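Below: one structure, written as structure tokens.
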């Protein structure tokens, strides 16, 4: 089990093991919505012992995705990690934090808009920002990661890591075991929560649909299916 303060614990035979599987509390900034937020074991963990965590680091609260491996003791991980991705954070809220490997073997990363009521920096719609997005990266080849060539901005027009955008705080998502479809829960600001079928290149509307700026006259979809101010 993942503890927000920065430990991963193992329950075996109904009992909690005394020694944590991983203890990185010294690296983790833990308060409110910050902390150790995500864990994903590599699809070939049984043979390569690789796993990935998502946490907010001390002292600045930036989001870090870091890779670790099991030590000589299979019940304890090495604390020597490899940072895969670092994303600066403007506020203390909306970190996302979910990690999961898709059926294609790529690592998906959920990132909230970074906080602040109404996404004041419009980061979720900014294609040059990783905040307010679901990312998709390849951690199986070039380090720190490679860009899957079929990502929507792999050829330009936005950050190539982006798989989908327009999220407020997609803190949990999962893949349908039968179809491989990706479904995400996105936390609303006041009264509306969302469950999204997340597709490559999709724009899920925040902040335009959830809390449109006063100057927005109308919303429309462009010829790519992107939600835009009209």
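The values are calculated or read from the model by the stated rules, or taken from the named source; none is laboratory data. Computed from a predicted structure; not experimentally measured. Virtual Cβ from ideal backbone geometry, glycine too; neighbours counted across all protein chains shown.
Some points to look at:
- The residues of segment 74-93 that are in a strand (DSSP E or B) and in contact (Cβ under 8 Å) with a residue 40 or more places away in the chain, listed by number, are 77, 82, 83, 84, 85, 87.
- Flag for residue 104 being in contact with a helix residue (DSSP H, G or I) (Cβ under 6 Å, 6 or more places away or on another chain) and part of a loop (DSSP other than H, G, I, E, B): no
- Residues that are assigned to a loop (DSSP other than H, G, I, E, B) and either on the phi < 0 side of the Ramachandran plot or in contact with a strand residue (DSSP E or B) (Cβ under 7 Å, 6 or more places away or on another chain) (or both), drawn from segment 170-190: 170, 171, 176, 177, 178, 179, 181, 187, 188, 189, 190
- Scanning segment 60-73 for residues that are part of a loop (DSSP other than H, G, I, E, B) and closer than 26 Å to residue 159 by Cα yields 60, 61, 62.
- Residue 97 being assigned by TED's automatic domain parsing to the domain that holds residue 141, surrounded by 14 or more Cβ atoms within 10 Å (Cβ to Cβ) and touching a residue at least 60 places away in the same chain (Cβ under 8 Å): yes
- Residue 161 being over 18 Å from the mean Cα position of the chain (by Cα) and closer than 21 Å to residue 89 by Cα: no
- Flag if residue 167 is at pLDDT 95 or above, in contact with a strand residue (DSSP E or B) (Cβ under 6 Å, 6 or more places away or on another chain) and either part of a loop (DSSP other than H, G, I, E, B) or farther than 23 Å from residue 138 by Cβ (or both): yes
- For segment 51-86, a residue qualifies if it is under 19 Å from residue 10 (Cα atoms) and over 18 Å from the mean Cα position of the chain (by Cα), and the qualifying residues are 69, 70, 71, 72, 73, 74, 75, 76, 77, 78, 79.
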